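Below you'll find the structure, written out as structure tokens, and then a few comments.
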Amino acid sequence: MIEVRDLQKNFGAQRVLDGISFQIESGESVAIIGRSGCGKSVLIKHLIGLMKPDTGDVLIDGESIVPMDERQLLRVRQKFGMVFQGAALFDSMTVKENVAFALRRNSKMTEAEISKRVARALEVVDLPGTENKNPAELSGGMRKRVGLARAIVYEPQILLYDEPTTGLDPIVSDSIDQLIIHVRDELKVTSVVVTHDMRSARRVGNHVIMLHQGKIQANCSPEQLFNSTDPIVRQFVDGIADPKENLINQPDYPTAFFRHPKE
Ligand SMILES: Nc1ncnc2c1ncn2[C@@H]1O[C@H](COP(=O)(O)OP(=O)(O)O)[C@@H](O)[C@H]1O
Ligand SMILES: [Mg+2]
């Protein structure tokens with residue numbers, strides 16, 4: 001479903017991706033891990049055409065997206081739902097309005113269809129019947145759930161999460177991880193979860209890809225990763241303290257990410 005071939009990306013003199021290749025099959029659940037600043041966000045931006053590689057290719061369902069223009073990319077991006085840390089809810093709107101926002105802007109759905117889609121998305125994230133609440137009334141974990149409902153209301157085939165648990169306390173993080181697993185099983189979506197949290201990667205990934213210095217250091221099951229004797233993998237898995245890990249490095253994704261090609 002997703003194929004990345006020998007991807008290279010430089011920013012000036014800095015080589016961020018140095019020949020990355022992997023495949024993600026339909027229905028898989030993949031964790032992409034690596035230290036802060038190692039290029040995880042840059043990599044997933046390439047999967048949806050928000051960044052273009054210097055060389056290499058990205059294929060989505062067999063179709064190369066690298067040469068596509070914005071209009072063609074919008075069509076491909078409709079396959080994706082995206083959940084990222086900075087995704088704030090609009091506090092002036094109800095939960096329903098937040099979740100329905102993109103549906104209303106981008107489709108010709110009837111009000112009844114929209115209500116049905118929103119109700120279903122809220123059920124999947126275990127917040128049934130909260131349509132008329134204000135985001136300000138919700139806890140941090142619940143707000144995250146609404147953010148996820150907003151990503152799945154489109155019924156995407158692939159869900160991308162960029163650091164969904166960064167900055168959350170361990171209990172809320174656990175519940176978000178459980179939710180990621182639940183959503184994957186419920187909606188049969190392919191999930192790609194970017195994280196620098198090893199615990200989270202182990203819980204949500206059937207398969208783990210570790211980036212290090214622009215290359216893939218490991219591409220294996222979580223168990224293989226935990227049993228690895230590779231010193232670089234071990235250092236990461238054993239969580240040797242690195243003060244840089246505490247710097248939350250979040251890219252700013254465009255908020256109007258999903259625009260309809262007809263717009
Ligand atoms: N638009 C950009 N312009 C220049 N440098 C960038 C840009 N986006 C990311 N970088 C750099 O690329 C590196 C990888 O960043 P990123 O993918 O955000 O790391 P992370 O693994 O923490 O998600 C960092 O050194 C970052 O400063
Ligand atoms: Mg990042």
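The values are calculated or read from the model by the stated rules, or taken from the named source; none is laboratory data. Keep in mind it's a predicted model, so treat the numbers as computed, not measured. Note that each Cβ is placed from the backbone with ideal geometry, even for glycine, and that neighbours are counted across all protein chains shown. Just the protein is used for accessible areas: all its heavy atoms, side chains included, with ligands, DNA and RNA removed. Shrake-Rupley method; radii C 1.70, N 1.55, O 1.52, S 1.80 Å.
Figure legend. Inter-residue proximity from the range 33-57: first residues without any contact (Cβ under 8 Å) to a residue 24 or more places away in the chain, second residues open to solvent by 20 Å² or more (accessible area, probe 1.4 Å) and more than 7 Å from ligand 1 (Cβ to nearest atom), beta-carbon distance below 7 Å, spacing 6+ or different chains. Indicated pairs: K52/V66. The single residue among V189, V172, V146, V194 that is over 13 Å from the mean Cα position of the chain (by Cα) and modelled with pLDDT of 90 or more turns out to be V146.
Residues checked against (1) out of contact with any helix residue (DSSP H, G or I) (no Cβ under 6 Å at 6 or more places or on another chain); (2) closer than 30 Å to S221 by Cα; (3) at pLDDT below 95; (4) open to solvent by 20 Å² or more (accessible area, probe 1.4 Å):
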{"site": "V58", "(1), (2), (3), (4)": "no, yes, no, no"}
{"site": "D61", "(1), (2), (3), (4)": "yes, yes, no, yes"}
{"site": "S64", "(1), (2), (3), (4)": "yes, yes, no, yes"}
{"site": "E70", "(1), (2), (3), (4)": "yes, no, yes, yes"}
{"site": "G81", "(1), (2), (3), (4)": "no, yes, yes, no"}
{"site": "L89", "(1), (2), (3), (4)": "no, no, yes, no"}
{"site": "R105", "(1), (2), (3), (4)": "yes, no, yes, yes"}
{"site": "V124", "(1), (2), (3), (4)": "no, yes, yes, no"}
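I'd like to know if the range 172-179 contains one or more residues that are part of a helix (DSSP H, G or I), more than 30 Å from S107 (Cα to Cα), more than 16 Å from ligand 2 (Cβ to nearest atom) and among the hydrophobic types (A, V, I, L, M, F, W, C). The answer is yes, given that some residue of the range 172-179 is part of a helix (DSSP H, G or I), more than 30 Å from S107 (Cα to Cα), more than 16 Å from ligand 2 (Cβ to nearest atom) and among the hydrophobic types (A, V, I, L, M, F, W, C). Number of residues in the range 118-130 that are under 15 Å from I152 (Cα atoms) and over 21 Å from the mean Cα position of the chain (by Cα) equals 2.
Take the conditions (1) without any contact (Cβ under 8 Å) to a residue 40 or more places away in the chain; (2) within 13 Å of ligand 2 (Cβ to nearest atom); S64 misses just one of them, which is (2).
Of all residues being part of a strand (DSSP E or B) and open to solvent by 20 Å² or more (accessible area, probe 1.4 Å) in the range 12-56, which is nearest to ligand 2 (Cβ to nearest atom)? Just the residue, please. Among residues in the range 12-56 that are part of a strand (DSSP E or B) and open to solvent by 20 Å² or more (accessible area, probe 1.4 Å), the one nearest to ligand 2 (Cβ to nearest atom) is Q14.
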